[in-house]
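Undergrad: Could you have a look at this structure, given as structure tokens, before my questions?
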Amino acid sequence: MGPLMTESTAPVVERFQDKCRYEIRSGEELAGFTAYRDHDGQRIFYHTEIDDTYTGQGLASRLVQQALTDTRESGKRIVPVCPYVAKFLRRHVEFDENVDPVTADVRRWLNCALHDRAGN
Ligand SMILES: CC(C)(COP(=O)(O)OP(=O)(O)OC[C@H]1O[C@@H](n2cnc3c(N)ncnc32)[C@H](O)[C@@H]1OP(=O)(O)O)[C@@H](O)C(=O)NCCC(=O)NCCS
């Protein structure tokens, strides 16, 4: 028998409504997040970040895949302001029907929403 395999735990994605973001954890450790604001039936994704220690392992892809699936299941439209989410969507046409374009109105609303909220 070879050495015991170390138990590998798949990274877990969870939505935190109060923080308006989905987080991905590797074991106990927070590895990254994708942040959004909800407005008018749309979920506007504006920033995705994976901690340096965890980049290049497909975690952003896993995180965004699950966040977009959850958004679609909740009946909301996806708006990809975040360049990483936009890039992801170009390679995942299965979400096309659920995506709205990033308009000037969306950008204006988002800027106000982000600046109005203390702590952002
Ligand atoms: C961008 C970022 C989230 C990627 O995380 P990651 O877990 O390493 O990503 P994955 O391993 O799932 O995917 C890597 C892909 O991300 C792409 N990527 C890296 N930086 C990117 C950026 N700024 N915008 C869009 N795509 C980016 C890579 O080109 C690679 O694409 P490929 O699969 O076609 O080669 C991470 O590097 C990060 O937090 N960067 C700093 C913050 C940032 O620039 N966020 C994106 C704009 S909101």
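Bear in mind that the values in this text are calculations on the coordinates, not laboratory data. Here the structure is a predicted model, which means the values were calculated and not measured. Note that each Cβ is placed from the backbone with ideal geometry, even for glycine, and that neighbours are counted across all protein chains shown.
Undergrad: What translational diffusion coefficient, to the nearest whole µm²/s, does the chain have by Stokes-Einstein, given a Kirkwood radius computed over alpha-carbon pairs, a temperature of 25 °C and 0.890 mPa s viscosity?
TA: Values: Rh = 15.3 Å.
Estimated diffusion coefficient is 160 µm²/s.
Undergrad: Determine the relative contact order of the chain: mean sequence separation of Cα pairs under 8 Å and six or more apart, normalised by residue count, in whole percent.
TA: Computed over the chain, the figure is 18 percent.
Undergrad: Scanning the chain for GluC sites (Glu not before Pro) in DSSP loops with at most 10 other Cβ atoms within 10 Å, what's the longest stretch left with none? Present the calculation step by step, with values, prior to reporting the outcome.
TA: Details: sites that count: Glu7, Glu28.
With GluC sites (Glu not before Pro) excluded where exposed in loops, the chain gives 29-120 as its longest stretch.
Undergrad: While we're on this one: At a Förster radius of 30 Å, what calculated FRET efficiency corresponds to the Cβ-Cβ distance of His39 and Ala10, to the nearest 0.05?
TA: FRET efficiency, His39 to Ala10: 0.40.
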